[in-house]
């Protein structure tokens, strides 16, 4: 049988310096039936001109405006035909045979809709990387975490999470997805713009009966943005999008008590930040809550509910990771999720 086709789609926004550094490793990937596509999302640096001059053989598509991660990929993937898409950040260095293990896994089970490699830090060798580590989980209140990352605490990669495992979400930094399922699900929710849209998509995939996996035999090195200042737009998008995701996907009886509790916990975080002098953090959460209210009021579709309880899905911790981390001071995934991982 011929190899399934794989399109590695790099969404670029003013990232010429990353393309210069990391695109060669992507092109050197050993998987035969692949193509590399750079989708420029309205850059105003000289990325497009540089690509045309330096890599004329690499497919380049250009968007006139920056539609964010969610809208940008929705636009780009409508123009790309392939059995599988790999959504790859421009700040990722890949290993030569990173594609083969994941395609082999997904080809063996057609219900696997998305999968991620192991993400380790490019800047801090030997450490997991913030944006997904060895596979994404979520707790019962909707707080995402990963095998190898609890909130801002990263673990050292000592091969403790090297098993292939079903997870809740696959990182958007290096996300393998079946093209037909991506389009079947309507792609990302473009209203998210950026942050947690991949978690929302994976949640919707699970609700539709698909599986999400992590395949640590595939390894990539991510620069990442987990160490950026927590104020401003990043905090706004993370808090707003997480609450939008819960509003869309929780079943009604869970939504009725989890959303008020999450709003209260957000308020605690905001006031704590203000007391510590982080005014921008406080303002971003207040703005996120007002934006959520506006989103609730924009249409009936925003009040739809998921049909399956969170506890029925894979990669869900039944407790509260906030309690385990901030009150009980647990910093490792294995301390919170008591499950043997060979």
Yes/no for residue 287 being at pLDDT below 95, closer than 28 Å to residue 306 by Cα and surrounded by 14 or more Cβ atoms within 10 Å (Cβ to Cβ): no
Set 91, 45: member being within 25 Å of residue 122 (Cβ to Cβ) and at pLDDT below 95: 45
Which listed residue is loosely packed, with under 12 Cβ neighbours inside 10 Å and more than 19 Å from residue 152 (Cα to Cα), from 309, 318: 318
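Answer yes or no as to whether residue 64 is surrounded by fewer than 18 Cβ atoms within 10 Å (Cβ to Cβ), without any contact (Cβ under 8 Å) to a residue 60 or more places away in the chain and within 23 Å of residue 197 (Cα to Cα). Steps first, answer last, please.
Values: surrounded by fewer than 18 Cβ atoms within 10 Å (Cβ to Cβ): yes; without any contact (Cβ under 8 Å) to a residue 60 or more places away in the chain: yes; within 23 Å of residue 197 (Cα to Cα): yes.
So residue 64 passes the test.
For (1) touching a helix residue (DSSP H, G or I) at 6+ places or on another chain (Cβ under 8 Å); (2) assigned by TED's automatic domain parsing to the domain that holds residue 104; (3) surrounded by fewer than 19 Cβ atoms within 10 Å (Cβ to Cβ), each residue gets a yes or a no:
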position	(1), (2), (3)
145	yes, yes, no
151	yes, yes, yes
161	yes, yes, no
175	yes, yes, no
179	yes, yes, yes
186	no, yes, yes
203	yes, yes, no
212	yes, yes, no
Residue among 264, 270 that alone is without any contact (Cβ under 8 Å) to a residue 40 or more places away in the chain and surrounded by 14 or more Cβ atoms within 10 Å (Cβ to Cβ): 270
Number of the condition not met by residue 295 [criteria: (1) at pLDDT 95 or above; (2) closer than 27 Å to residue 190 by Cα]: (1)
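Report, by residue number, each residue of region 141-154 that is in a loop (DSSP other than H, G, I, E, B), over 16 Å from residue 220 (Cα atoms) and at pLDDT 95 or above. Quick ask: steps written out before the conclusion?
To start, the set of residues in region 141-154 that are in a loop (DSSP other than H, G, I, E, B) comprises 141-143, 147-148, 151-152.
From what is left, the residues that are over 16 Å from residue 220 (Cα atoms) are 141-143, 151-152.
Correct list: 141, 142, 143.
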Search result, residues across region 115-140 that are surrounded by fewer than 21 Cβ atoms within 10 Å (Cβ to Cβ) and in a loop (DSSP other than H, G, I, E, B): 122, 123, 124, 125, 126, 140
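The values are calculated or read from the model by the stated rules, or taken from the named source; none is laboratory data. Since the model is a prediction, treat every value here as computed from it, not as a measurement. When we count neighbours, we look across all protein chains shown, and the Cβ atoms used for this are built from the backbone with ideal geometry, even at glycine.
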